[in-house]
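Heads up, the thing below is written out as structure tokens.
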Amino acid sequence: MVMVSTHKKRCVIIGAGVAGIAAAMEAAQQGIEVIVLEAHRYIGGRARSFLDEVTGDTLDNGQHVAMGCYSSLRSMLRQLGTESLLQPDEPIPIVFRSSAESDVFNPYRLPGIAGVLGGIMGMKSFSWRERLRLLYGGIRIGIRRGTRGHTVSSVLQAYKQPRKVVQRFWEPLALATLNAPPPTADASLLTAVVRKAFFGGGTSHHLLVPRAGLSQLWEPFPEWLKQHGGELRLGVRVEELVWLDDRVIGVATSDGEEIRASAVITAVPPKAFVRLLPPTYRERFASVESFETMPIVSVYLWYDTPMHLPPVVGLWGTQSQWVFNRDRIVERLQESRARYPGHVEVTISGARALAQQPAEAIATLVAEELRSIFPEVAEATLLRWRVIKERSATVLLTPKSVYYRLGPQSGIAGLLIAGDWTATGLPATLEGAAQSGRSAARLVAHL
Ligand SMILES: Cc1cc2nc3c(=O)[nH]c(=O)nc-3n(C[C@H](O)[C@H](O)[C@H](O)COP(=O)(O)OP(=O)(O)OC[C@H]3O[C@@H](n4cnc5c(N)ncnc54)[C@H](O)[C@@H]3O)c2cc1C
């Protein structure tokens, strides 16, 4: 058994996803001794990358994007020295395409909200009336209080958003940021997105797309933690919490070790959180266990010719939602580029039905949709595909389930809760995870 230091507070953090990493960094900076325990042999959790052995390309478990307003995530990366990996060489306007039409949302001509307004007014596939309705809807959603208890669809209806504007702007935005379709997604989270990203000022609305595999963003963390007196243990699962009466005083690991601490922060998904609790507490947290999750399906495709597509394209009228031209976004090995010149990724969020399909059927569907939209894809030969189904990509946050969000306080002495699913007021995202970790760690000092 590890003994408690009498001089320094010790905090055990369960999970080394973004929330766990953020919590560890915040706690370590407050002079707290930190031990991070991660069940897997890698860090990053649901935001990680790996090598595709066939092509030599680094793939993410699903393409991630961030926004300028992701301040907690960016501050964490700044300290790790990897923030620049999020910065594209040039701002990335969002191009929209269908088989018959195209448009572009370019909010970079002016700073802050003026840029967003300019971007909306520049969307030529909408009539002037539609653009003005979209502006009106955006402002109302952004300033609205009390969107809680409503779905995104009902709020869009209340603000009389035209059908075309819903289908071509709000639906892609809701799917991308909330991982849920407007009829189920909680509207208060869309308000949070619009307020932070569109009304945030400066570069809040800038789209940030990692230029390297996601794992590279967190790579310096183990060394950083060591230098700040902390410790990361990989391949160590926490089996249960250790209690003294009603207080959590440590954790018991899969190694059979008991680690005592002044505070424990759980930074694990909701079901894993409930599993850590003794049966007597599970009933109290039954609502947390009932969180549903929503899949995201990612399809990587490699072609025999380079693709001159824009870096990010939103698709209209197809099951495929977003196309990322990986050849223009991420740094690739010369050899991979020579053998597999065209490399794109397609993201489909809110993909509950699609995730049930076999991988080959999904790849065929996506490849066919790309062919129907981009002439250069139609002329190219598909060399390889790879489908990644993240069945529990994020929790599904509906007007009902947002009330189940907890934390950072658990109501149990010695126990704090972090994770993208906790009560951050933000969607379940990298930023929500980072913010939750920092908030939980800040409370450790006061325990
Ligand atoms: C395909 C996909 C695409 C996404 N796209 C975006 C995007 O574009 N932008 C965005 O902002 N967000 C996106 N997200 C969401 C984002 O990845 C998550 O919100 C974030 O990574 C969650 O971090 P977390 O630390 O809360 O949880 P996790 O990443 O789930 O971390 C939890 C960690 O705890 C560990 N663990 C669990 N139980 C135990 C235990 N008993 N003992 C020890 N360790 C344990 C797990 O192994 C894991 O490493 C996407 C997610 C997916 C899957």
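We did not get these values from a lab; they are worked out from the coordinates using the rules stated. None of these values were measured; they are calculated from a predicted model. Note that we place each Cβ from the backbone using ideal geometry, even for glycine, and neighbour counts take in every protein chain shown.
Amide H contacts of Glu240 (H built 1.01 Å from N, in plane; Pro and chain starts excluded): Ala252 sit under 5 Å, all sequence-distant by 5 or more or on other chains.
Apply the Kirkwood formula to segment 226-307: the hydrodynamic radius equals the inverse of the mean of 1/r over all pairs of different alpha-carbon atoms; give it in Å with one decimal. Computed over segment 226-307, the radius equals 16.0 Å.
Please report Arg168, Arg46, Arg41, Arg391 as a ranked list, fewest other C-beta atoms within 10 angstrom at the top and most at the bottom.
Details: Arg168 24, Arg46 20, Arg41 8, Arg391 13.
The fewest-first ordering by Cβ neighbours comes to Arg41, Arg391, Arg46, Arg168.
Using square roots of five times the C-alpha gyration tensor eigenvalues, list the equivalent-ellipsoid semi-axes of segment 106-208 in whole Å, biggest first. Walk me through the numbers on the way to the answer.
Numbers: eigenvalues 80, 52, 29 Å².
Working through the eigenvalues yields semi-axes of 20, 16, 12 Å.
Sort Ser298, Ser49 so that the residue with the fewest other Cβ atoms within 10 Å of its own Cβ comes first and the one with the most comes last.
Details: Ser298 26, Ser49 22.
Result, fewest neighbours first: Ser49, Ser298.
Under the rule of -39500 (n - 2.57) per DSSP H run of 4 or more residues, summed and divided by the residues of the chain, what mean residue ellipticity at 222 nm is obtained, to the nearest 500 deg cm²/dmol? Intermediate results must be reported in sequence, preceding the final value.
Working: 17 runs with 141 residues, N = 447.
Rounded to the nearest 500, it is -8500 deg cm²/dmol.
Within the chain, antiparallel bridges make up roughly 70 percent of the DSSP beta bridges whose residues both belong there.
Over the Cα atoms of the chain, the radius of gyration divided by the Kirkwood radius equals 0.98; this is the Rg/Rh ratio.
Find the all-direction average of the projected area of the Cα convex hull for segment 371-447, expressing the result in square nanometres with one decimal place. All intermediate terms of the calculation are to be shown ahead of the outcome.
Values: hull surface 34.3 nm².
Over all viewing directions, segment 371-447 projects a mean Cα-hull area of 8.6 nm².
Between the amide H of Thr394 and those of Met294, distances stay under 5 Å, these residues lying 5 or more places away or on another chain, with hydrogens modeled in the peptide plane. Residues considered: Gln334, Gln319, Gln63. Largest GNM mean-square fluctuation over the chain, using C-alpha springs under 10 Å, is found at Gln334. Taking every Cα-Cα distance in segment 47-156 and sorting them into 5 Å bins from zero, the calculated P(r) comes out as 2, 9, 12, 15, 17, 17, 14, 9, 4, 2, 0 percent. Measure up Lys124/Lys196; Lys271/Lys389; Lys124/Lys164; Lys8/Lys271; Lys9/Lys226 against 22 Å on the Cα-Cα distance and list the ones that go over. Over 22 Å apart, Cα to Cα: Lys124/Lys196; Lys8/Lys271.
Evaluated with a Cβ-only charge set (Lys, Arg +1; Asp, Glu -1), segment 106-208 carries a dipole of roughly 320 debye about its Cα centre, given to the nearest 20.
Between the helical axis of 112-121 and the dominant principal axis of the chain, each derived from Cα atoms, what acute angle in degrees is found, rounded to the nearest 10? Approximately 40 degrees, to the nearest ten. In terms of other Cβ atoms within 10 Å, Asp103, Asp304, Asp89 run from fewest to most in the order Asp89, Asp304, Asp103.
Quick one: helix 71-80 against the long Cα principal axis of the chain, what's the angle to the nearest 10°, folded into 0 to 90? Helix 71-80 sits at roughly 70 degrees to that axis. When only the Cβ of Lys, Arg, Asp and Glu is charged (+1, +1, -1, -1), the dipole of segment 298-447 relative to its Cα centre reaches about 540 debye.
The slack in the chain from Leu132 to Arg109, taken as 0.36 nm per residue of separation less the alpha-carbon distance, amounts to 6.4 nm.
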